[in-house]
Amino acid sequence: EPEVTQTPSHQVTQMGQEVILRCVPISNHLYFYWYRQILGQKVEFLVSFYNNEISEKSEIFDDQFSVERPDGSNFTLKIRSTKLEDSAMYFCASSEARRNNSPLHFGNGTRLTVT
Amino acid sequence: KQEVTQIPAALSVPEGENLVLNCSFTDSAIYNLQWFRQDPGKGLTSLLLIQSSQREQTSGRLNASLDKSSGRSTLYIAASQPGDSATYLCAVRPRNYGQNFVFGPGTRLSVLP
């Protein structure tokens, strides 16, 4: 069964450094998402992406964050200058269609640790 | 703003028991509701998706129901097994508020052999 893949599985970085988290969504899916989960807290929406542009973003997704689909398969999340509070599990997800009749499929996540 | 809660926060049952996990949401204007399973340190595995027009969905030993008007969903697990031990999350896709999935905090299930 096709799946969403994320790399790396664990990233450790120093405060102030830039990180890029990578995702390969399911190949025939059109909508892509990033969510995050701080340890012990709820899964939170960051951003959705469709047709090569951001369709929605949450308050968390400030100017330090950006997303890109550099080619036909990868979908990346960049954090420009990491803060301690960015430490979390970051999940990529994709879906065939945005609304009805379309489940989200998640990757296994990238655990980001900012020291 | 859509809020999702789950009760109980944690549940421990002996193997073989049937059990029910509860999910509540504050705004009934939703497109659908999805149940996920999360193993420790892992991603989210989709279990069932219920459209707003549906009352229930079944997959193997799992049955999810939806009562949109009262803002509730239940996940029924029959004949529980130790391998069912995980955190179960529900998420709703609201018609308003940005229309992206809003997650509950999860129920941590332990099935004891």
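The values are calculated or read from the model by the stated rules, or taken from the named source; none is laboratory data. It should be emphasised that the depicted structure is a prediction, and the values quoted were computed from it without experimental measurement. Cβ: placed from backbone, ideal geometry, glycine included. Neighbour counts: every protein chain shown. Areas reflect the complete protein model, heavy atoms only, side chains present, ligands, DNA and RNA absent. Shrake-Rupley method; radii C 1.70, N 1.55, O 1.52, S 1.80 Å.
Scan the range B:41-61 and tell me whether some residue there is out of contact with any Cys (no Cβ under 7 Å at 6 or more places or on another chain), without any contact (Cβ under 8 Å) to a residue 24 or more places away in the chain and under 20 Å from B:PRO113 (Cα atoms).
Yes, the conditions are met somewhere in the range B:41-61.
Restricting to the range A:76-88, and then to whatever is touching a residue at least 60 places away in the same chain (Cβ under 8 Å) and not in a loop (DSSP other than H, G, I, E, B), can you tell me which residue is farthest from the chain's Cα centre (by Cα)? If we take residues in the range A:76-88 being touching a residue at least 60 places away in the same chain (Cβ under 8 Å) and not in a loop (DSSP other than H, G, I, E, B), then A:LEU84 is farthest from the chain's Cα centre (by Cα).
Hey, among the residues in the range B:63-106 that are away from chain A (no Cβ under 14 Å), touching a strand residue (DSSP E or B) at 6+ places or on another chain (Cβ under 6 Å) and free of Cβ contacts under 8 Å to residues at least 24 places away in the same chain, which one's surrounded by the fewest Cβ atoms within 10 Å (Cβ to Cβ)? So the residue we want is B:ASN63.
Would you confirm whether any residue within the range A:24-36 is in contact (Cβ under 8 Å) with a residue 24 or more places away in the chain, in contact with a Ser or Thr (Cβ under 7 Å, 6 or more places away or on another chain), among the β-branched types (Val, Ile, Thr) and within 11 Å of chain B (Cβ to nearest Cβ)? No, the range A:24-36 contains no residue that is in contact (Cβ under 8 Å) with a residue 24 or more places away in the chain, in contact with a Ser or Thr (Cβ under 7 Å, 6 or more places away or on another chain), among the β-branched types (Val, Ile, Thr) and within 11 Å of chain B (Cβ to nearest Cβ). A:SER73 meets all of the listed conditions (1) in a loop (DSSP other than H, G, I, E, B); (2) touching a Ser or Thr at 6+ places or on another chain (Cβ under 8 Å); (3) closer than 12 Å to A:TYR35 by Cβ but one, namely (3).
Based on what the data block shows, is B:THR58 of a type in the set (Val, Ile, Thr), in a strand (DSSP E or B) and under 20 Å from A:TYR35 (Cβ atoms)? So B:THR58 fails the test.
Of all residues in the range B:32-55, those being away from chain A (no Cβ under 11 Å) and part of a strand (DSSP E or B) number 0.
I'm told A:GLN17 meets every condition in (1) in contact with a Ser or Thr (Cβ under 7 Å, 6 or more places away or on another chain); (2) open to solvent by less than 90 Å² (accessible area, probe 1.4 Å); (3) more than 16 Å from A:THR110 (Cα to Cα) except one. Can you identify the failing condition by its number? So A:GLN17 meets the others, but not (2).
Condition check for A:VAL47 on (1) free of Cβ contacts under 8 Å to residues at least 40 places away in the same chain; (2) within 13 Å of chain B (Cβ to nearest Cβ); (3) open to solvent by 10 Å² or more (accessible area, probe 1.4 Å): one failure, at (3). For the range A:27-51, the tally of residues that are in contact with an Asp or Glu (Cβ under 9 Å, 6 or more places away or on another chain), in a loop (DSSP other than H, G, I, E, B) and not β-branched (Val, Ile, Thr) stands at 3.
Within the range B:1-23, track down each residue that is buried (at least 16 other Cβ atoms within 10 Å of the Cβ) and not in a loop (DSSP other than H, G, I, E, B).
B:VAL4, B:GLN6, B:LEU11, B:VAL13, B:LEU19, B:LEU21, B:CYS23
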